[in-house]
Amino acid sequence: MTISDSVSVQSPDVLLQVRGLRKTYEVRNDPIEAIRRLTFDIHAGDLVCIVGPSGAGKTTLLRSLAGLLTPSGGSAKLDGEEIVEPPKGMAVVFQEYARSLFPWLTIAQNVALPLKAQGVDRATRAEKTAKALEAVGLADVAKRYPWQLSGGMQQRVALARAVAYEPRILLMDEPFAAVDAQTRADLEDLVRNLWHRLGLTVLFVTHDIDESIYLGQRVLVLSNRPTEILDDIAINLPDERDQLTTRNEPEFARLRAEVYERVQQAKAGRRPGDAA
Amino acid sequence: MSNNVATRRSWLWFLWTPLNAVQRAWAGVAGVVVFLVCLQVLPLTGAVDPKHTPPLSEVISALVSRLATPQFWEALLNTLTTWGIGLGISVAIGVVAGLLIGGIPVVREFTASTIEFLRPIPSVAFIPLAVLLYGTGRDATLLLIIYAAVWQMLIQVSYGAQDVDPVARDTARSYRFPKGFTLINVVVPTVLPYAVTGFRLSASVALILAITGELIIGTPGLGKLIVIAQESGAVASMYALVLVTGFLGLAVNVIVRMMERRVLHWHASVRREGMK
Amino acid sequence: MSATELVRTARMKRDSGIGKQVRKVLAVVALPIVLIVTWWFSSAGSQNFFFPPLEQIVTAFQPTWFTGAIETEVLPSVWRLLGGYLVAGVIGIGLGALLGSSPVLRAFTEPALEFLRAIPPTVMIPILILFLGIGAEMRVVVIAIGALWPILLNTIEGVRAIDEVLRDTARVYRLTPMMRFSTLILRGASPQIVTGARQGLSVAIILMVISEMFAAQDGIGFTIIRFQKSYAMPEMWSGILLLGVLGIVLSLIFKLFESISLKWYFGLRQSQRGGN
């Protein structure tokens with residue numbers, strides 16, 4: 001089964017292919033199984049949300065996909081290339097925005113840094129940085145430092161940095177878990193907006209069911225630890241989404257109930273293959 | 001390409017992997033063994049001039065024969081006495097002055113500039129004066145020790161006194177606690193962690209200057225023995241004495257840290273030491 | 001409103017504006033002026049041979065140090081100081097970055113480094129004389145070795161403490177090794193590096209003076225001792241004054257450097273304390 005997984009033929013537009021991914025930690029010679037077996041595909045241009053109960057190993061999953069952790073087994077491929085270290089063209093927005101921005105660099109320098117690492121020339125760098133900051137609505141704070149901004153604005157900077165990088169895929173790890181509700185709604189719309197306008201591919205990890213439905217085209221529900229995928233739910237909401245109307249649609253309510261039930265089952269310890 | 005990346009990860013990977021406590025301890029032991037072997041072997045192979053650096057075995061035998069002489073123990077006692085008296089006086093001055101400066105805002109305001117000026121004056125600048133006033137006696141070295149060691153204590157205690165929670169102070173006042181009670185229950189617990197840090201810094205500075213005073217001024221003690229050994233060409237013996245000063249410094253650090261832990265075991269912020 | 005509160009409000013009003021400025025200036029200059037004036041008048045016409053009038057000391061200052069001696073004694077001392085300090089800085093920061101990044105190397109070297117650091121730096125002088133004689137090299141090397149430990153150990157601590165999320169960010173965006181060193185490691189550890197550099201600077205000044213007093217034919221320390229031995233009191237005192245001024249000037253330059261290089265850090269801490 002694992003063998004057939006790893007040699008399975010890749011359909012042409014699959015961007016991220018995850019096959020039987022496993023991760024086991026050693027804590028004081030005690031193996032802890034964080035991720036048991038994950039298999040899913042993400043196609044170019046998708047916006048996929050991963051939702052799961054807290055402690056479901058969401059962060060471990062994301063760090064493995066980002067190449068920051070070496071998985072214990074299985075594989076993750078970006079454009080057919082095995083991910084063993086952070087691959088080219090992958091951007092990550094972390095939950096801890098205050099810790100992921102360089103406090104000694106200005107906003108503009110933070111956004112331009114990955115471009116500089118790629119050897120992009122100064123003029124292009126400045127242009128792309130300005131455009132990205134413009135896109136997240138922060139053009140006027142380019143010369144400030146991250147710690148001079150509010151939490152929501154700092155996360156916008158992190159988003160601008162990811163966008164300016166023009167990634168093939170953007171991973172987001174509970175990016176809005178630590179900001180207030182109003183800011184959070186604004187940021188969600190910003191993500192939808194950027195995804196639309198720039199044709200990004202986004203994998204968005206969250207513990208918030210409403211957020212996952214509002215944002216995603218697809219929601220993957222994770223089980224409890226050791227993590228497996230419990231369900232893959234298509235979100236058939238209209239493409240034009242709005243905080244007020246979308247969240248009041250009957251379909252939204254139905255999906256919320258469905259995902260909510262799955263997450264409750266996950267918390268109760270249901271495994272894939274169990275009778276629902 | 002992906003192959004290339006994979007090999008780059010494995011190259012020297014072991015340097016960056018985290019260790020558990022047992023592995024750390026073994027690595028430390030290995031480091032010390034390698035260090036000692038180098039001290040023994042390098043002079044024997046002629047990589048360094050054995051006339052200037054005798055092999056470790058010779059230094060150890062010189063140390064053993066030193067340990068058998070009463071002069072050594074007398075010198076050690078002298079060094080410890082000078083250090084102890086100097087540290088005691090420094091701590092007394094530092095605590096009193098630190099409480100006044102930190103506790104009374106007006107005093108702090110008007111002494112800040114003077115302290116900023118006096119502190120960077122190197123205490124060893126007073127060596128000629130100390131020699132003229134006290135000859136080669138202990139008092140000459142004490143002068144150096146006190147001028148150097150007082151600052152650490154004074155500044156830490158004054159930070160501590162400034163840090164006394166105004167709410168706690170007001171509470172004490174509103175409940176009409178007697179002055180002595182306030183001191184013991186409000187001021188002491190706040191100042192203590194700072195004072196302990198100051199004590200540790202003062203203790204090691206005092207030891208350095210005790211031995212320096214013996215070295216330069218000729219106050220009786222280990223420093224003076226080192227000079228005598230050097231002048232009489234007893235190279236191995238000189239190294240032996242230098243090792244002793246190293247162990248003395250190490251012992252001071254370890255003992256003070258143990259005291260620190262005992263005194264502050266109830267204090268949560270022990271591990272997080274202030275920047276300044 | 002209680003009486004004391006009324007007084008306080010009145011005082012606050014008075015303190016704002018010009019009154020506040022005057023008070024600020026007064027706080028800085030008052031005590032130093034009082035001390036200098038007291039010294040001046042209490043020493044005027046002093047018959048005590050060891051404590052000549054301040055007027056004589058000031059008069060002796062210019063001819064003693066600024067006619068010839070500045071080029072033969074003072075500047076060479078300062079260059080040796082800066083040379084040794086620079087060497088310590090380069091080695092300390094470079095090695096510290098390596099040891100701070102590698103848990104294995106750190107565990108391997110830690111106990112040996114703890115011991116070497118505990119040796120009072122001044123006892124290295126008699127040892128180095130064996131290798132290098134009493135010339136300029138010996139003194140530069142002594143200064144470099146002494147200043148190395150605080151810089152090295154603080155750098156290790158600083159690099160170790162760099163935020164994990166920030167490290168991950170640097171990896172995800174594939175910063176080049178050079179950029180990782182300069183933007184992540186160096187800047188991230190800079191608060192601790194600066195702390196170490198400040199400690200290193202005061203050790204370096206002490207060693208500059210002591211190495212010249214212990215064994216040398218030139219330099220500020222040697223010259224001051226020469227005055228002491230020939231009982232040229234005003235000249236000796238002017239030398240003590242010179243060392244004091246040197247210490248103060250270097251610490252002021254250091255403060256300036258610190259406030260520029262750590263501007264972000266002070267801002268960050270301020271914003272964390274203000275708490276949004």
Take the alpha-carbon centre of the range A:87-121, take the same for the range A:161-236, and report the distance between them in whole Å.
20
Selection from B:228, B:150, B:160 lying farthest towards where the dipole of the range B:59-270 points positive, charges on Cβ
B:160
What distance in nm separates the two pseudo spin-label positions at residue B:21 and residue C:20, each 7 Å out from Cα along the beta-carbon direction?
5.3
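Could you please tell me the mean projected area of the C-alpha convex hull for the range C:97-138, averaged over all directions and given in square nanometres to one decimal? Let's see the in-between values first.
Details: hull surface 16.2 nm².
If I average the Cα hull's projected area over directions, I get 4.0 nm².
Just how large is the dipole of the range C:162-276 about the Cα centre, in debye to the nearest 20, putting +1 at every Lys and Arg Cβ and -1 at every Asp and Glu Cβ? Intermediate results must be reported in sequence, preceding the final value.
Numbers: 12 positive and 7 negative charges, 97 e Å.
Here the range C:162-276 has a charge dipole of around 460 debye.
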Looking only at C:148, C:116, C:31, which one moves most when chain C is put into a Gaussian network model with springs between Cα atoms under 10 Å?
C:31
Globularity index of the range A:81-197, i.e. its alpha-carbon radius of gyration over 2.2 N^0.38 Å:
1.01
Can you work out D for the range B:77-170 in µm² s⁻¹ from Stokes-Einstein, where Rh is the Kirkwood radius over C-alpha pairs, the temperature is 10 °C and the viscosity is 1.306 mPa s?
110
Ordering A:54, C:211 by the accessible surface of their heavy atoms, 1.4 Å probe, largest first, yields A:54, C:211
Have a look at the DSSP beta bridges in chain A and tell me what percent are antiparallel, nearest 5.
55
Leaving ligands, DNA and RNA out of it, work out the accessible area of residue A:22 with a 1.4 Å probe and give it in Å² to the nearest 10.
100
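Taking all protein chains together and a probe of 1.4 Å, list A:143, B:51, A:128, C:255 from the most accessible to the least accessible.
Working: A:143 180, B:51 145, A:128 55, C:255 85 Å².
Listed by decreasing accessible area, they come as A:143, B:51, C:255, A:128.
Let's see if you can work this out: charge +1 on each Lys and Arg Cβ, -1 on each Asp and Glu Cβ, no other charges. What is the dipole magnitude of the range B:53-198 about its Cα centre, in debye to the nearest 20?
Using Cβ point charges on Lys, Arg, Asp and Glu, the range B:53-198 gives about 360 debye.
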Looking only at B:53, B:245, B:79, which one moves most when chain B is put into a Gaussian network model with springs between Cα atoms under 10 Å?
B:53
With +1 on the Cβ of every Lys and Arg and -1 on the Cβ of every Asp and Glu, the dipole magnitude of the protein assembly as shown about its Cα centre, in debye rounded to the nearest 20, is 1120
What is the distance in Å between the Cα centroid of the range B:55-134 and that of the range C:214-250?
21
Compute, for residue A:239, the solvent-accessible surface of its heavy atoms (probe 1.4 Å) with the complete set of protein chains present, and express it in square angstrom to the nearest 10.
80
Given R₀ = 45 Å, FRET efficiency for residue C:67-residue C:182 by Cβ-Cβ distance, to 0.05?
0.50
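With an 8 Å Cα cut-off and a minimum separation of 6 or more residues, compute the relative contact order for the range B:33-181 in percent.
27
In percent, how large is the relative contact order of chain A, given Cα pairs closer than 8 Å and 6 or more residues apart? Spell out each step's value before the answer.
Working: 508 pairs, mean separation 64.7, N = 276.
Relative contact order of chain A: 23 percent.
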Rounded to a whole number, the Stokes-Einstein D of chain A in µm²/s (Kirkwood radius over Cα pairs; 25 °C; 0.890 mPa s) is 126
What residue among B:136, B:174, B:202 has its Cα farthest toward the positive end of the dipole of the range B:125-258, where the charges are +1 on Lys, Arg and -1 on Asp, Glu, each on the Cβ?
B:174
Count the DSSP beta bridges whose two residues both fall in the protein assembly as shown, then state the antiparallel fraction as a percent rounded to the nearest 5.
55
Relative contact order, percent, the range C:65-262 [alpha-carbon distance under 8 Å, six or more residues apart]
27
If you average the alpha carbon positions of the range C:134-193 and of the range A:251-271, how far apart do those two centres end up, in angstrom?
50
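Under a 1.4 angstrom probe, counting protein chains only, how are C:229, A:267, A:58 ranked by accessible area, largest first?
Numbers: C:229 145, A:267 115, A:58 10 Å².
Ranking C:229, A:267, A:58 by accessible area, largest first, yields C:229, A:267, A:58.
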Lys/Arg Cβ at +1, Asp/Glu Cβ at -1, dipole of the range C:65-262 taken about the Cα centre: which of C:201, C:79, C:101 is farthest positive-ward?
C:101
In nm², what is the average projected area of the convex hull enclosing the Cα atoms of the range B:59-270?
14.1
List, in order, the whole-Hz ³J(HN,Hα) value for each residue of the range C:29-38 obtained from phi through the Karplus relation with A = 6.51, B = -1.76, C = 1.60 and θ = phi - 60°; use x for Gly and Pro.
9, 4, 5, x, 5, 4, 5, 5, 4, 4
Pick from C:87, C:140, C:25: which is most flexible by mean-square fluctuation in a GNM of chain C where alpha carbon atoms under 10 Å apart are linked?
C:25
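For chain A, list the DSSP H helices whose alpha carbon atoms reach 18 Å or more along the long axis and whose average Kyte-Doolittle value is -0.5 or above? Please report the intermediate quantities before stating the final value.
Working: long enough: A:122-135 (20 Å, -0.89); A:151-164 (20 Å, 0.32); A:181-198 (25 Å, -0.71); A:250-267 (25 Å, -0.97).
Helices meeting the criterion: A:151-164.
Over all directions, the average projected area of the alpha-carbon convex hull for the protein assembly as shown comes to how many nm²? Present the calculation step by step, with values, prior to reporting the outcome.
Details: hull surface 183.7 nm².
Taking the Cα atoms of the protein assembly as shown, their convex hull projects to 45.9 nm² on average.
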For the range C:215-225, Karplus couplings with θ = phi - 60° (6.51, -1.76, 1.60), whole Hz, Gly/Pro x
7, 6, 10, 7, x, 4, x, 4, 5, 5, 5
Report the dimensions of the range C:65-262 along its three principal axes from the alpha-carbon atoms, largest first, rounded to Å.
67, 36, 22
With all protein chains in place and a 1.4 Å probe, residue C:41 shows an accessible area in Å² (nearest 10) of 140
From the phi angles alone, apply the Karplus equation (6.51, -1.76, 1.60; θ = phi - 60°) to the range B:119-125 and give each ³J(HN,Hα) in whole Hz, x where the residue is Gly or Pro.
4, x, 5, x, 5, 5, 5
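The values are calculated or read from the model by the stated rules, or taken from the named source; none is laboratory data. Worth saying up front: this structure is predicted, and the values here are computed from it rather than measured. Note that each Cβ is placed from the backbone with ideal geometry, even for glycine, and that neighbours are counted across all protein chains shown. All accessible areas refer to the heavy atoms of the entire protein, side chains included, with ligands and DNA or RNA removed. Shrake-Rupley method; radii C 1.70, N 1.55, O 1.52, S 1.80 Å.
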